[in-house]
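Contents: one structure, followed by commentary.
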Amino acid sequence: MAHLVFAYLVGSLVAGLLFFPEVRGKDLPGGSGVFRRKGPWAALLAVAFDLGKGALVALLTPEAYLPWAGALLVAGHTWPVFFRFRGGGGIAPSLGFFLVWRPAETLWATLFGLGVAGLYHLLFWRRRRKGIYPIPFGAIFGYLLLVYTLSGEARLGALLVAGVVLLRGLQILAGRW
């Protein structure tokens, strides 16, 4: 049980809000929001920190708790207790988590998701700038591939994490971020 509380609390340490508090209320505090508000170097710092916290949780959590720890890590990032439950989208911490837990499958899913994001940007986003941003759009397909390629407890973990990210994405799209 302590591992699950730890996962949520670590997830609640949102880099975009810790390092760039001026982003709060103006944009999402994940890598994309920090990029839009503070530039690429700030975004790189935020993403690296959020990847790292995901990896830390995966490294310190016993195997039996990993599916639930991943979901709570991402829930902490998206609804952080330290920042009035208004956090990021959850993609970077989930990526760090799965890179440690299931590295080969995660690398393939990430490459696939980035490829989809690139095509979406070139064929749609660049001209219209409406709808879902390219990285979250590509992440949808990355999560789907991850769920498809994993089995057992890892598949459960991918489903739980993807469910949390989906809930947050729907919140964001509805304008309640």
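The values are calculated or read from the model by the stated rules, or taken from the named source; none is laboratory data. Just so you know, these numbers come straight off a predicted model, no measurement behind them. Because the Cβ atoms are built from the backbone with ideal geometry, glycine has one as well, and the counts that use them run over all protein chains shown. All accessible areas refer to the heavy atoms of the entire protein, side chains included, with ligands and DNA or RNA removed. Shrake-Rupley method; radii C 1.70, N 1.55, O 1.52, S 1.80 Å.
Solvent-accessible surface (1.4 Å probe) assigned to Ser151 amounts to roughly 80 Å².
Using a probe radius of 1.4 angstrom, the carbon and sulfur fraction of the accessible surface of region 19-64 is 71%. Could you tally the net charge around Phe20, taking each other residue with its Cβ under 15 Å from the Cβ of Phe20, Lys/Arg +1 and Asp/Glu -1? Local net charge: +3. Think of a 1.4 Å ball rolled over the protein heavy atoms: region 1-174 then has 52 Å² of accessible area per residue.
For the set Lys26, Lys53, solvent exposure ranked by accessible area (probe 1.4 Å, protein chains only) runs largest to smallest as Lys26, Lys53. The Leu4 and Leu119 beta-carbon pair, evaluated with R₀ = 45 Å, returns a calculated FRET efficiency of approximately 0.75. Report summary: the helix-based calculation at 222 nm, which adds -39500 (n - 2.57) for every DSSP H run with n ≥ 4 and divides by the residues of the chain, gives -22500 deg cm²/dmol.
Note: relative contact order over region 1-174, using C-alpha pairs below 8 Å and six or more positions apart, is 23 percent.
For Lys53, a cut-off of 30 angstrom between C-alpha atoms picks up these lysines, skipping any fewer than 8 places away in its own chain: Lys26, Lys38. The alpha carbon convex hull volume per residue for the chain rounds to 102 Å³.
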